[in-house]
Amino acid sequence: MPNELKGDINGQGLRVGIAVARFNEVITKLLLEGALETLARCGVRDSDITVAWVPGSFELPVVARAFAKSGRCDAVICLGAVIRGETTHYDMVAGQASGGAGSVGLDTGIPTIFGVLTTENMEQALNRAGGKSGNMGANAALAALETASVIAAVNTA
Ligand code: INI
C-alpha cells in the first residue's frame, strides 16, 4: 500500500492572510464574508486572520507575496471579482491575478489561493458570491486550510 496523505480543514492554530480587492466591492465584501465565516467555522481564531484591502485584483499578488514572505501566514487567500462586461482589459487583470497568485505560492511555498471571480457580468458574479452557485470566498477558505494541512503532512511524512 502506498502512503497516502490527505489534508483536513481543521483551522486551529493556523494563521491566514487575506488580500481582497476594493474594485467591485459589492461582490468582494460578500466573498470576504464567506471566507471569514468559513474560517471561523473551521476553528481559525479571529486574531490569527489579517485582511488587507488592495485597489483591484491586479494588485492582489504583490500583497499576497508580502503576506507569504512575512513568516506570519500558513496560507494566503486572494479575493477579487473581474467582470468582463465592465472592462476592456479583463484578460490582463484576470491573467495577472491568477498567474501572480500561482507564482507567489510556488515561489514561497505558502499556499496562495485564487478566490477571484472571473465572470461575464454582475449577475454571474452575485450568483457565485453567496447566491445560487455558492460562495467562492468560502470555497477559497476551505482550499487554503486543506492545502496548508496537506503541505504540513508532506513535510512531516
Ligand atoms: N479590478 C478588478 O478587481 N476587477 C475588475 O473588473 C477590474 N476592471 O474592470 O478593470 C479591475 N481593474 C483595476 C485593476 O485591478 C487595477 O487595480 C488597476 O489597473 C491599477 O493597477
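Values in this text are rule-based calculations from the coordinates and carry no lab data. Worth saying up front: this structure is predicted, and the values here are computed from it rather than measured. Here Cβ is always computed from backbone atoms with ideal geometry, including for glycine, and neighbour counts include all displayed protein chains.
Remarks
- When K29, K132 are sorted by how many other C-beta atoms sit within 10 angstrom of their C-beta, beginning with the fewest, the order is K132, K29.
- The charge dipole of the chain, taken about its Cα centre with unit charges on the Cβ of Lys, Arg, Asp and Glu (plus for the first two, minus for the last two), comes to roughly 200 debye.
- Using a Förster distance of 22 Å, the FRET efficiency for R84-E33 (Cβ separation, nearest 0.05): 0.40
- Treating each Cα of region 16-63 as one equal point scatterer and applying the Debye formula with no solvent, the log10 of I(q)/I(0) at q = 0.27 Å⁻¹ comes out as -1.00.
- Helix-only arithmetic for the chain: the sum of -39500 (n - 2.57) across DSSP H runs with n ≥ 4, divided by the residue total, places the mean residue ellipticity at 222 nm at -15000 deg cm²/dmol.
- Beta bridge orientation in the chain: antiparallel %, DSSP, nearest 5: 10 percent
- Size of the chain as Cα extents on the principal axes (Å, biggest first): 49, 36, 31
- Lysines with Cα under 28 Å of K6, excluding same-chain neighbours fewer than 8 positions away: K69
- Surrounding net charge for A152, when Lys and Arg each add one and Asp and Glu each subtract one, Cβ distance under 12 Å: -2
- Compactness of region 103-157 was expressed as the Cα radius of gyration divided by 2.2 N^0.38 Å, which yields 1.41.
- Residues C73, C42, sorted so that the one with the fewest Cβ neighbours within 10 Å comes first: C42, C73
- Pairwise alpha-carbon distances in region 66-123 exceed 15 Å for 50% of all pairs.
- Tilt relative to the chain, helix 25-41 - C-alpha long axis, 0 to 90 degrees, to 10: 20 degrees
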